1. How large is the charge dipole for region 5-170, taken about the Cα centre, if only the Cβ atoms of Lys, Arg (+1) and Asp, Glu (-1) carry charge, to the nearest 20 debye?
2. Of 102, 54, 113, whose Cα points farthest to the positive end of the dipole of region 28-133 (charges on the beta-carbon: +1 Lys, Arg; -1 Asp, Glu; origin at the Cα centre)?
3. Quote the relative contact order of the chain in percent (integer), defining contacts as alpha-carbon pairs under 8 Å separated by 6+ residues.
4. Which FRET efficiency value, to the nearest 0.05, do you get for residue 126 and residue 14 by plugging their Cβ-Cβ distance into 1/(1 + (r/R0)^6) with R0 = 30 Å?
5. Select from region 19-91 those trypsin sites (Lys or Arg not before Pro) which occupy a DSSP coil region and have at most 13 other Cβ atoms within 10 Å, ordered by residue number.
6. What is the Cα coordinate range of the chain on the first, second and third principal axes, sorted by size from largest, in whole angstrom?
7. Rounded to the nearest 0.05, what FRET efficiency do residue 118 and residue 76 have when you use their Cβ-Cβ distance and R0 = 22 Å?
8. Please state the shape class of region 92-156: rounded when a/c is under 1.5, otherwise prolate if a/b exceeds b/c and oblate if not, all from the C-alpha gyration tensor.
Amino acid sequence: MPEEIFDVVDEHDRVIGSAPRSEVHARRLLHRAVHVFLFNTRGELLVQTRSATVDEFPLCYNSSVSGHVSTGESYEECAPREMQEEIGLSAPLEFLAKFPASPETAREHTVLYRAYSDEQPIFDTLEVAAVAFYELDLLKQMRAGEPERFSPPFRVLLDWYLAEQSAIGRR
């Protein structure tokens, strides 16, 4: 399988070139990613445990879906593609937020989407070791107790989401 090619972007998320995945990661170049938080109708979040063979954050908890935006692809095109590739599901996607590239986001400009489905995910075993649904309160406890078990980008996105839900609850 040929190596993925990513758009290399600047701090304002403007495309300044393209490069193979290995080069982007080795040189720590800014690039783009999407994440999807998939909830079931009980309000539980699907969390994946990354495969032991992935190049970044192996065996860490991660978003329901996460993936790189390919060269020439938009965030909006990437999210449903990654959802289908990683967990074998399709569902309407809701834009939640965009996060700037930083060390905490793995140098990725990141767009977070939300989706809902009660369908059983069929995950890609090359990228994902396991998936499970968790109540947000339990995830918050797990995150506080073992932050190193969560990929850095997932920590950023989960912390943001939990804060947003808390703020909505206070309104």
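Please treat every number below as a calculation from the coordinates, not as lab data. Bear in mind the structure is a predicted one, so any value in this text is a computation, not a measurement. Glycine also receives a Cβ, built like all others from the backbone with ideal geometry; neighbour counts cover every protein chain displayed.
1. Details: 16 positive and 27 negative charges, 76 e Å.
Around 360 debye, computed over region 5-170.
2. Toward the positive end, the furthest listed residue is 102.
3. Working: 332 pairs, mean separation 42.6, N = 171.
Relative contact order for the chain comes out at 25 percent.
4. Details: r = 32 Å, r/R0 = 1.07.
Step by step, r from the Cβ atoms, then E = 0.40.
5. Values: sites: 21, 27, 28, 32, 42, 50, 81; in loops: 27, 28, 42.
Within region 19-91, the qualifying trypsin sites (Lys or Arg not before Pro) (loop, at most 13 other Cβ atoms within 10 Å) are 27, 28, 42.
6. 42, 34, 31
7. Working: r = 24 Å, r/R0 = 1.10.
It comes to 0.35.
8. Values: a/c = 1.43, a/b = 1.13, b/c = 1.26.
Cα axes put region 92-156 in the rounded bin.
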